[in-house]
1. What would the Debye formula give as log10 I(q)/I(0) at q = 0.17, 0.20 Å⁻¹ for the alpha-carbon point model of segment 1-152, no solvent?
2. Mind jotting down the distance between the C-alpha centroids of segment 126-168 and segment 56-90, whole Å?
3. Report, by chain and number, residues whose modeled amide H sits under 5 Å from the one on LEU262, excluding near sequence neighbours (fewer than 5 apart, same chain).
4. For the ranges 236-243, 147-154, what's the packing order if you count other beta-carbon atoms within 10 Å of each residue, average per peptide, and put the highest first?
5. Relative contact order, percent, of the chain when contacts are C-alpha pairs under 8 Å separated by at least 6 residues?
6. Enter the mean projected area of the convex hull around the alpha-carbon atoms of segment 2-255, in nm², rounded to one decimal.
7. When the Cα centres of segment 1-53 and segment 172-186 are compared, how far apart do they sit, in Å?
8. Label-point separation (nm) for VAL53 and ASP112, each offset 7 Å from Cα along Cα-to-Cβ?
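Taken together, the values in this text are just the output of simple stated rules run on the coordinates, not laboratory data. As the structure is a computational prediction, the values presented were derived from the model and not from experiment. Note that we place each Cβ from the backbone using ideal geometry, even for glycine, and neighbour counts take in every protein chain shown.
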Amino acid sequence: MQEERAYPGNFIRFLGTAGTRFIMLSQRRSSGGIWFSCGGARGVIDPGPGSLVRLCEAKPPISPISINTIILTHRHVDHSSDVNALAEGMTLKAAKPRGFVLLTRDCFEGGDSVLMNYMSKRIKMVAFHEDGADSEPAPDLSLESVAHSHNGVQCFGVIFKRTCAPHWGLISDTAPLESFSKRYVGCEMIVINVALSMPKARIDHMSLPEVESLLGTICPRTAVLTHMGNDLLDMGGERISRKLSTNRTKVIAATDGMVISLDGDFKNLEG
């Protein structure tokens, strides 16, 4: 796509890094999710409120009409509210059903589907997360779903796998699970939603000590923290990065608009 030539061939851009409903509602950080271009797939992970606006305001620009893939990790509004707007862009100029959507069954089935019925009929493939199962939105990209535990809704993380490139993963909103140390161990980069500075009972979100423990086990080259709550934002991203980084793992606290290359080095293109 013309507008993406200013970016690396494969990259992610944080349209929004808001964590918790309080940050979303105040818009202290934007809540648009993550744009990804990877292995021929182009789209958004968890398009929350403002996702479409952040795409249109991005510099260099990214056209919503270029989308061919949308991923929802779970149905909560801060992760899914713009899914139909982006699906509109994905199917706008298509003479027949187009695009790929990966989501949980409770995003689609039942009386309050997050993805509107009329929109789903315009999408070529709607796939459902299944723990350990792979789906293929593009010729050189496979998505492995990883079961999470989050406040009574179905929720999944994703491992992104290309044939001749390092794997990278996403941990969405979830309580820490022992399975993560085995499932994500092969990822050279991992993006983690971390809402809490310290663990809190009955709140299914990762905290800094839990993230630090997991990183010490899976040892990725790069870890990018997003979806941070107020106390973490008050702490400051640089302080968090220094605290968690090791000789093996560089930890980056994401900011709105940050771009990370997926072409081997996982470099933060803003420094």
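1. -0.99, -1.37
2. Value for the Cα centre distance between the two parts: 17 Å.
3. Residues meeting the amide H criterion: ASN10, PHE11, ILE12.
4. The most tightly packed comes first, giving 147-154, 236-243.
5. Relative contact order of the chain: 17 percent.
6. On the way: hull surface 52.3 nm².
Mean projected area for segment 2-255: 13.1 nm², to one decimal.
7. Answer, in whole Å: 23.
8. In this crude spin-label approximation the distance works out to 2.4 nm.
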